[in-house]
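Written below as structure tokens is the structure these notes are about.
The values are calculated or read from the model by the stated rules, or taken from the named source; none is laboratory data. This is a predicted model, so every value here is computed, not measured. FYI the Cβ positions are ideal-geometry reconstructions off the backbone, even for glycines, and counts take in every protein chain you see.
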Amino acid sequence: MPESPYFVKIRRYAGSIRHPLATVLAAGLAIHLLVMLLAMVYDSDYWAVVIRNINAGEGLYGMEGYYYTPVWGYMLGLVSAFQNACLSLGDSAVRVFEAIYFEASGHQTTATVTSVVFNYCTKVPLLMCDAVLAYLTYVLVYDMRRDRGKATLAFALVFLCPVIIGSTGIIGMPDTMAAMFMMFSLILLLRNRPFFAGMCFAMAALTKFFPVFLFFPMLAYLFSRNRGDLRAGCMQAAVAAAGAVAVAVAIFLPQILEGDLSASFQFITDRAGTSPVSDIFARLVGYTRIAAYLLVILASILAARFIYRSDREGLDRSLLKGSMVIMALCLLYPPATQYIVVLVPLLAYYIAAEDGVCMRSWWLLAIGAFIVFTVSLSTHLLPLAVHTGIVDLGSLMHFFDLWNAGPGVLTIWNITFVIGSVIQYSGIAVLLLTVYGADLKKVLEGRRTGIGF
Amino acid sequence: MSSKIDGIAVLAVVLIAAVFAGEYFTYGHDTDRSASVSWDTGSVSYSVDSSGSDEYRAVLFDNGGYTPVDTLYIYADGTYDRYYSQACELSDGAEPLYMEGDYYVEQVRESLKIRGFDDVCIIDGEGLEDLLRTTMPSPSGIGVMVISYAVPGSVYSGGPDCLLVNWINNGGSLYWLSSEIGRFYTDGLGLHRAEGDCTAYFFGTSVPVDCSDGDSLSYITGKTVNTGFTEALCLKNSTTEFGIDISGLSGIQLGFGEEGYASISMVSVGAGMICVFAGGFDIDQLDDIGQVIASKLTCGSTFIELQRGKVTRDSVGGTFSFSASDPYLFIYTGGVYANFGACFHA
């Protein structure tokens, strides 16, 4: 059959693209789109509940189901509008009676299984964020090094990282949005655009909490850049604050008007173990988490001090290194895999532009994430089994049973999870040791050192 | 480093604008949904409209002459947190499940509201006593929901001859959630445990309650009861903790169950009804409560037929033929994530 001339033209054009980014982007997109067939049904069920609540006119907090600050909820609102205006999905999910016993396992899973199309609808915006996040890392490395090879490497280290692929493609968590806006704010700050940097910083912190710890380092950077001109420093800080406040007010406007602003911060109390029925263990975990984050705040103040004292030539690099270290410190309190997403672009920058030795941390994080994501593969495959029949549901149930068989807690599921988590954690520890190993050695040998960020 | 127009800044603004667009669609834009029916002798035609993309279900059933609840009073227990630990200590088997104060009460109201059931009032202990006294002569069509492990001693104090039980026998409907029915009551002296078989006070006979001292997860089951209603209403809560076994009683069970216990049990008591929702306070239970009450199910309901389909920015309809004497038609959209509902009676 003769080919259409348009098809030939398109093929020729596609074949003429030689930019190295194109190969990485195409490979990454293919992997992302394939992985998105899987889903952590526990979370996708919640996203479907949130969309239902929006559809029913209850906003984000009128009915039970959404426990975060509003940014991701608004993206789900956009997804809902798209579904209503352009698609005809039918049921978003079905309750699979045969799999209800999965819920009795104590793992975070559900037998309410969202459809493959629904899952793609919620994950495609996150995939776009992944692509932008990788591109921003590319831009950052290029800005700093003027080397397209290094910049392309950074792009690949982000876009092909299993932490990113799994967080978006399987869990469907918005950590990549937070990381993306965090990178926007850093780049725009380096480019001397404080208003936009402030806006993006607010978006980042209001998507997922971690970037808020970059407040002091970024402030120190502003004042250090204007050293000797306090008025200019104050002015830039005020402009950045104006951008951040403008965005925050706009984001929270519905909650302010409806008087349920506190619901937006429920995730803080949920994780603090302060419920009247929290047992001692839950309270201990909650208080330890608070203590850990107080220590991170302290570390961020120290980082800010170091950044402020940096010389003009090394100031940008100090900010980026300090930011990476602060994000890594946030994760010293054992993280869920998706939390690590905020570290990946800064680590990729550091590997490509500063110190390739940190590649071993990337590998450890990648391997750890891969293992953790495969732990619950039997439940991740549920949408494919239930809505397409490509996988047999009975086989999945057997898979689930096998993974949960064993004496007490010694199941394949638990053991694999611990192995994956330990590898992930060692990736963070190795990163900090790589960055500060030499200083630590001096300290241990009793010599003076100027540990800096 | 900075140019006159910074592409990165432009991209950032575009993405922030996308979030704000989502904000508009979350709070500033409504999807219109409605349903209407036309009853005829032995048949009913319905129409469902949606300006969005939905799956609808039309559930036809017969209430067999039982009057459904059209006004619901939710008892908000102001002493819930104060006595919760004590109630746990005094419980023989499973401890009452915990919920967050007035929040869950509001959630029940919202769950009903989106399904078209608007006549909901929240009352305290005094309000409950007042309601029971004033409506005692004819409580038919009125429901009282107890979202607590205890009721005020002024309406029930651990015996069969009390305001609450008499009110039910006169035709009122009681909805009980997530604890052993009738085990505790409160008064000015504090929390009291009702001794003896408290189910007999309510049902007139001993009724087993699924509250052995097991892990909450052990009550989960995937076995459906009354599969017609369970599938038609997309019921989700699959735990039987504090559910009851209604063998030998007049009533129906819905949802999921095992060994006689079910996640939802509706029992005829005198001229009234008691409905027990098992399991903890969660989204699945909230949705089930919304579905059961908004659809106007009673202890005498019999499933007839389900019709379903897509309604996408359009209006669709259908017709049922039936021979029921007391038919009801509940139409809702969203499936397991119901976002609209309307109930019609011939």
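Residue check, B:Thr240 against (1) within 14 Å of another protein chain (Cβ to nearest Cβ); (2) of a type outside the set (A, V, I, L, M, F, W, C); (3) on the phi > 0 side of the Ramachandran plot, all met but one. Which one?
In the conditions (1) within 14 Å of another protein chain (Cβ to nearest Cβ); (2) of a type outside the set (A, V, I, L, M, F, W, C); (3) on the phi > 0 side of the Ramachandran plot, B:Thr240 misses (3) alone.
Can you pull out every residue in segment A:331-371 that is of a type in the set (Val, Ile, Thr) and surrounded by fewer than 24 Cβ atoms within 10 Å (Cβ to Cβ)?
At the first step, the residues of segment A:331-371 found to be of a type in the set (Val, Ile, Thr) are A:337, A:340-342, A:344, A:351, A:357, A:367, A:371.
The answer is A:Ile351, A:Val357, A:Ile367, A:Ile371.
Checking the conditions here, which among B:Gly196, B:Gly182 is in contact with a Cys (Cβ under 9 Å, 6 or more places away or on another chain), without any contact (Cβ under 8 Å) to a residue 40 or more places away in the chain and in the same structural domain as B:Val267 (by TED's automatic domain parsing)? Walk me through it before giving the result.
Working: B:Gly196 fails: in contact with a Cys (Cβ under 9 Å, 6 or more places away or on another chain).
Within the list B:Gly196, B:Gly182, the selection yields B:Gly182.
Picking from A:Ala328, A:Ala348, A:Ala385, A:Ala369, which residue would you name as being within 22 Å of the chain's Cα centre (by Cα), part of a helix (DSSP H, G or I) and farther than 30 Å from A:Val285 by Cβ?
It is A:Ala348.
Inside segment A:34-145, counting only helices (runs of 4 or more DSSP H) that do not spill past its ends, which hold 1 or more residues that are more than 7 Å from chain B (Cβ to nearest Cβ) and among the basic types (Lys, Arg)?
A:116-145
Could you grab the pairs with beta carbons closer than 9 Å, sequence gap of 6+ or different chains, first residue in segment A:142-158 and modelled with pLDDT of 95 or more, second one outside any helix (DSSP H, G or I) and among the basic types (Lys, Arg)?
Correct list of pairs: A:Asp143/A:Arg191.
What residue, of B:Ser38, B:Ser3, B:Ser51, is over 26 Å from the mean Cα position of the chain (by Cα), loosely packed, with under 14 Cβ neighbours inside 10 Å and at pLDDT 95 or above?
B:Ser38
Taking segment B:319-346 only, how many residues are farther than 15 Å from B:Glu55 by Cβ and of a type in the set (Ser, Thr, Tyr)?
Result for segment B:319-346: 5.
Restricted to segment A:171-190, and to residues that are within 9 Å of another protein chain (Cβ to nearest Cβ) and in contact (Cβ under 8 Å) with a residue 40 or more places away in the chain, which residue is surrounded by the fewest Cβ atoms within 10 Å (Cβ to Cβ)? Let's see the steps before the verdict.
Our first condition is that a residue be within 9 Å of another protein chain (Cβ to nearest Cβ); within segment A:171-190, this holds for A:177, A:180-181, A:184-185, A:187-188, A:190.
Filter once more, so that each one left must be in contact (Cβ under 8 Å) with a residue 40 or more places away in the chain: A:177, A:180, A:184, A:187, A:190.
On the way: A:Met177: 28, A:Met180: 32, A:Phe184: 29, A:Ile187: 24, A:Leu190: 20.
The qualifying residue surrounded by the fewest Cβ atoms within 10 Å (Cβ to Cβ) is A:Leu190.
What tally of residues in segment A:235-262 results from selecting those that are farther than 15 Å from A:Ala197 by Cα and either modelled with pLDDT of 95 or more or surrounded by 18 or more Cβ atoms within 10 Å (Cβ to Cβ) (or both)?
Here the count works out to 7.
Taking A:Phe209, is it among the hydrophobic types (A, V, I, L, M, F, W, C) and under 12 Å from the mean Cα position of the chain (by Cα)?
yes
If you go through segment B:156-179 one residue at a time, how many are part of a loop (DSSP other than H, G, I, E, B), at pLDDT 95 or above and under 22 Å from B:Leu97 (Cβ atoms)?
Adding up the residues that qualify gives 1.
Name, by its number, the condition in (1) part of a helix (DSSP H, G or I); (2) more than 30 Å from the chain's Cα centre (by Cα) that does not hold for A:Arg227.
Exception for A:Arg227: condition (1).
Residues checked against (1) at pLDDT below 95; (2) within 21 Å of the chain's Cα centre (by Cα); (3) surrounded by 14 or more Cβ atoms within 10 Å (Cβ to Cβ); (4) not in a helix (DSSP H, G or I):
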{"position": "A:Pro407", "(1), (2), (3), (4)": "yes, no, no, yes"}
{"position": "A:Trp413", "(1), (2), (3), (4)": "no, no, yes, no"}
{"position": "A:Ile423", "(1), (2), (3), (4)": "no, yes, yes, no"}
{"position": "A:Ser426", "(1), (2), (3), (4)": "no, yes, yes, no"}
{"position": "A:Thr434", "(1), (2), (3), (4)": "yes, no, yes, no"}
{"position": "A:Gly437", "(1), (2), (3), (4)": "yes, no, no, no"}
{"position": "A:Arg448", "(1), (2), (3), (4)": "yes, no, no, yes"}
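Among the listed residues B:Ser247, B:Ser268, B:Ser238, B:Ser263, identify the single one that is farther than 23 Å from A:Ala111 by Cα and in contact with a strand residue (DSSP E or B) (Cβ under 6 Å, 6 or more places away or on another chain). Let's see the steps before the verdict.
Values: B:Ser247 fails: in contact with a strand residue (DSSP E or B) (Cβ under 6 Å, 6 or more places away or on another chain); B:Ser238 fails: farther than 23 Å from A:Ala111 by Cα; B:Ser263 fails: farther than 23 Å from A:Ala111 by Cα.
After applying the criteria, what remains is B:Ser268.
Using beta carbons and a limit of 9 Å, which pairs, at least six apart or on different chains, have the first residue in segment A:243-267 and touching a residue at least 40 places away in the same chain (Cβ under 8 Å) and the second one assigned to a helix (DSSP H, G or I) and loosely packed, with under 13 Cβ neighbours inside 10 Å?
Within 9 Å, the pairs are A:Gln255/A:Ser262.
Quick one: is B:Ser138 of a type outside the set (Lys, Arg), surrounded by 17 or more Cβ atoms within 10 Å (Cβ to Cβ) and assigned to a loop (DSSP other than H, G, I, E, B)? Working first, answer last.
Values: of a type outside the set (Lys, Arg): yes; surrounded by 17 or more Cβ atoms within 10 Å (Cβ to Cβ): no; assigned to a loop (DSSP other than H, G, I, E, B): yes.
Answer is no for this residue.
Consider B:Asn226 carefully, then state whether it is within 14 Å of chain A (Cβ to nearest Cβ) and either closer than 21 Å to B:Leu164 by Cα or at pLDDT 95 or above (or both).
no
With respect to B:Ser212, determine if the residue is assigned to a helix (DSSP H, G or I) and at pLDDT below 95. Outline the logic, then answer.
Details: assigned to a helix (DSSP H, G or I): no; at pLDDT below 95: yes.
Spelling it out, it is not the case that B:Ser212 is assigned to a helix (DSSP H, G or I) and at pLDDT below 95.
Filter segment B:319-343 for residues that are β-branched (Val, Ile, Thr) and surrounded by fewer than 20 Cβ atoms within 10 Å (Cβ to Cβ) and give the result.
Answer for segment B:319-343, where residues must be β-branched (Val, Ile, Thr) and surrounded by fewer than 20 Cβ atoms within 10 Å (Cβ to Cβ): just B:Thr319.
Which one of B:Phe20, B:Phe25 is within 12 Å of chain A (Cβ to nearest Cβ), at negative phi, assigned to a helix (DSSP H, G or I) and surrounded by 20 or more Cβ atoms within 10 Å (Cβ to Cβ)? Outline the logic, then answer.
Values: B:Phe20 fails: surrounded by 20 or more Cβ atoms within 10 Å (Cβ to Cβ).
After applying the criteria, what remains is B:Phe25.
Considering (1) away from chain B (no Cβ under 14 Å); (2) modelled with pLDDT of 95 or more, say which one A:Ala197 fails and leave the rest.
(1)
Return the residue satisfying two criteria in turn: it lies in segment B:65-88 and is of a type in the set (Val, Ile, Thr) and farther than 30 Å from B:Ala324 by Cα, and of such residues it is farthest from the other protein chains (Cβ to nearest Cβ). If you could, list the steps in order and put the result at the bottom.
Restricting attention to segment B:65-88, the residues satisfying the condition of being of a type in the set (Val, Ile, Thr) are B:67, B:69, B:71, B:74, B:79.
So of that shortlist, the ones also farther than 30 Å from B:Ala324 by Cα come out as B:74, B:79.
Working: B:Ile74: 16, B:Thr79: 13 Å.
Filtering first and then ranking leaves B:Ile74.
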